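Structure record follows, encoded as structure tokens.
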Amino acid sequence: MARPNVEAVRKEQILRSALQQLSERGVVGLRVSDVAKGAGVSGGIVHYYFDTKLDLIRAAFEENASQSLERRAAIFADESADVRTTLYDLIDTYLPADETTRESWRVWIEWWAAAQRDEALADVHNRAYEVWAQRMQAVFDRVDGADPETSRTNAHTLMALLDGLTIQALMGSSVMSIDHMRQLCRHTVDLLLGDC
């Protein structure tokens, strides 16, 4: 049996702890000492892997985006499934209905806020968002006779709806329950796909 790579395991523990801290305390409240404590390592070990706090935050944001896509990889990859079903399934995985998804969304929201003030974080965000857009567009591209520009517009429309409704749901809006969010997103998919 192969022995686990200690460095890879430690780095994963640090990133996991950083994501939890970002979700709970945000960028402003994140302290390297808290990340180290959560990972069960010293602050020096954190700095061994990440020179600065910004490097750690950037890596955590990238990890969040990567994990987000990985959790949905099987749905994106299943080209035998009906497009409408695929989009419904994707919507269900993006609903902030479980702690893992809520944490991921809280990190995304922190990322959006931080990216407004930091060009490097904005660049990382834009690259991650583009990957998500390409995957969503690929689903819409499976519609018979799909026009790539229309598929891209549809992907961005659905993504924007998910982003906006999730913020409302996470804030505990009295008008945006998880079920209502699901209904609105599915209704939008139906409008975008029409009779196909």
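The values are calculated or read from the model by the stated rules, or taken from the named source; none is laboratory data. All values derive from a computational prediction rather than experimental measurement. Here the Cβ is made from the backbone with ideal geometry for all residues, glycine too, and neighbour counts use every protein chain on show. We work out accessible area using only protein heavy atoms, side chains counted, and drop any ligands, DNA or RNA first. Shrake-Rupley method; radii C 1.70, N 1.55, O 1.52, S 1.80 Å.
Laid out as a table, the results:
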| quantity | calculated |
| --- | --- |
| Residue in the stretch 120-127 that is under 26 Å from T157 (Cβ atoms), in a helix (DSSP H, G or I), modelled with pLDDT of 95 or more and basic (K, R) present | no |
| Tally, over the stretch 167-196, of residues that are under 17 Å from I109 (Cα atoms), assigned to a helix (DSSP H, G or I) and out of contact with any Ser or Thr (no Cβ under 9 Å at 6 or more places or on another chain) | 2 |
| Candidate set: the stretch 50-66, residues that are of a type outside the set (V, I, T) and surrounded by fewer than 16 Cβ atoms within 10 Å (Cβ to Cβ); chosen: the one farthest from T188 (Cα to Cα) | D51 |
| Test for T86: is it closer than 22 Å to M136 by Cα, crowded, with 17+ Cβ neighbours inside 10 Å and among the hydroxyl-bearing types (S, T, Y) | yes |
| Residue identified as out of contact with any helix residue (DSSP H, G or I) (no Cβ under 6 Å at 6 or more places or on another chain), touching a residue at least 24 places away in the same chain (Cβ under 8 Å) and either assigned to a helix (DSSP H, G or I) or open to solvent by less than 60 Å² (accessible area, probe 1.4 Å) (or both) among L19, L15, L69 | L69 |
| Subset tally (residues that are surrounded by fewer than 18 Cβ atoms within 10 Å (Cβ to Cβ), of a type outside the set (K, R) and farther than 13 Å from L87 by Cβ) for the stretch 149-183 | 20 |
